[in-house]
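Enquirer: Pasting a structure below so you can have a look.
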Amino acid sequence: MDMVIKEIKKDALAEGIPIMLDDGIEFLCNFIKEHECKKILEIGAAVGYSAIMMANVDEKINITTIERDEKRYLKALENIKKADKEKQIKLIYNDALNINIEDEEFDLIFIDAAKAQNIKFFQRFGLYLKSHGFIITDNLNFHGLVDKDLEEIESKNVRGIVRKIKEFKEFLLENNDYETVFYDVGDGISVSEKIKE
Ligand code: SAH
Ligand code: MG
């Protein structure tokens, strides 16, 4: 890992930004390499760490990434510039549920944003995924909470998010347009291949 990305990572962790865990980002980058993904859409840029890591896999990779938080968006802009990845990464400042993508076809969509909205992101952006492309979603374990019974979770807020993640996993299992495999790496990752032609 080069110095710039090390610094970006250190700053993000110091600021409490929930960037991908080491084994999660390693899994994602290996996946991109193995499947030769070249057009990638990311929901949830935060400060640009994962987008820069993905762009580093291959210079032919192009990434569109979306962030709705102004402070993080500005930091991501700065980081992308610092990492010299402006040519490869297009950063959009908006709520992902508000934007319209102009009929692009992505090889990979990486969902790493508001955990309660995963079904919405999946349905909305799945339209822009090519056949046999992949949707990868992060944080399906939510620090181990998703394995617990809902009654065991005290905070009402947390319980709501956990319920949504459980619903999302059900949604993936029942979705016949995609074939999903769950991986216990990072904070829990799913890989869904679009099998619909
Ligand atoms: N992928 C990043 C971490 C993302 S953290 C990395 O690993 O480096 C999740 C981010 O998603 C947060 O910064 C949050 O502001 C953003 N987010 C959540 N819901 C969103 C939405 N609907 N549209 C755009 N960004 C969203
Ligand atoms: Mg995450």
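Read-outs throughout are calculated quantities, based only on the coordinates presented, and are distinct from any laboratory measurement. Since this is a predicted model, take the numbers as computed values, not measurements. Neighbour counts are summed over all protein chains in view; Cβ atoms, including those assigned to glycine, are modelled from backbone coordinates with ideal geometry.
Enquirer: Rounded to the nearest 0.05, what FRET efficiency do Q123 and N157 have when you use their Cβ-Cβ distance and R0 = 25 Å? It would help to have the intermediate numbers written out before the result.
Expert: Working: r = 24 Å, r/R0 = 0.96.
So the FRET efficiency works out to roughly 0.55.
Enquirer: So, by mean Cβ neighbours within 10 angstrom, what's the order for 137-143, 21-27, 100-106 with the highest one leading? Numbers along the way, then the final one.
Expert: Details: 137-143: 20.3, 21-27: 16.1, 100-106: 11.9.
So the peptides 137-143, 21-27, 100-106, ranked by packing, come out 137-143, 21-27, 100-106.
Enquirer: Specify which residue in the list A51, N94, V181 is farthest towards the positive end of the charge dipole of the range 2-194, using unit charges on the beta carbon of Lys, Arg (+1) and Asp, Glu (-1), about the Cα centre.
Expert: Sorting the options by dipole projection puts first N94.
Enquirer: At most 10 other C-beta atoms within 10 Å and a DSSP loop state: those are the exposed trypsin sites (Lys or Arg not before Pro) I care about. Give me the longest piece of the chain that has none. Don't jump to the answer; show the numbers that get you there.
Expert: Numbers: sites that count: K60, K87.
Longest run free of exposed loop sites: 88-197.
Enquirer: Quick one: Debye curve from the C-alpha atoms of the range 2-194, no solvent, what's log10 I(q)/I(0) at q = 0.11, 0.17 Å⁻¹?
Expert: -0.47, -1.16
Enquirer: Find the Cα radius of gyration of the range 41-154, compare it with 2.2 N^0.38 Å by division, and give the number to two decimals.
Expert: Numbers: Rg = 15.1 Å, N = 114, 2.2 N^0.38 = 13.3 Å.
Normalised Rg, Cα atoms only: 1.13.
Enquirer: Expressed as a rounded percentage, what relative contact order does the range 2-194 have, with Cα pairs under 8 Å and six or more residues apart? Don't skip to the answer; put the middle values down first.
Expert: Working: 324 pairs, mean separation 37.5, N = 193.
Taking the mean separation of contacting Cα pairs over the length of the range 2-194, I get 19 percent.
Enquirer: Then there is this: Need one number: % antiparallel among DSSP beta bridges in the chain, to the nearest 5.
Expert: 35
Enquirer: For K196, what charge total do you get from the other residues with a beta carbon under 15 Å from its beta carbon, if Lys and Arg give +1 and Asp and Glu give -1?
Expert: Values: positive: K130, K194; negative: E105, E174, D177, E179, E193, E197.
Here the count lands on -4.
Enquirer: When the Kirkwood radius is taken over all Cα pairs of the range 95-197, what Stokes-Einstein diffusion coefficient follows at 10 °C and 1.306 mPa s, in µm²/s?
Expert: 112
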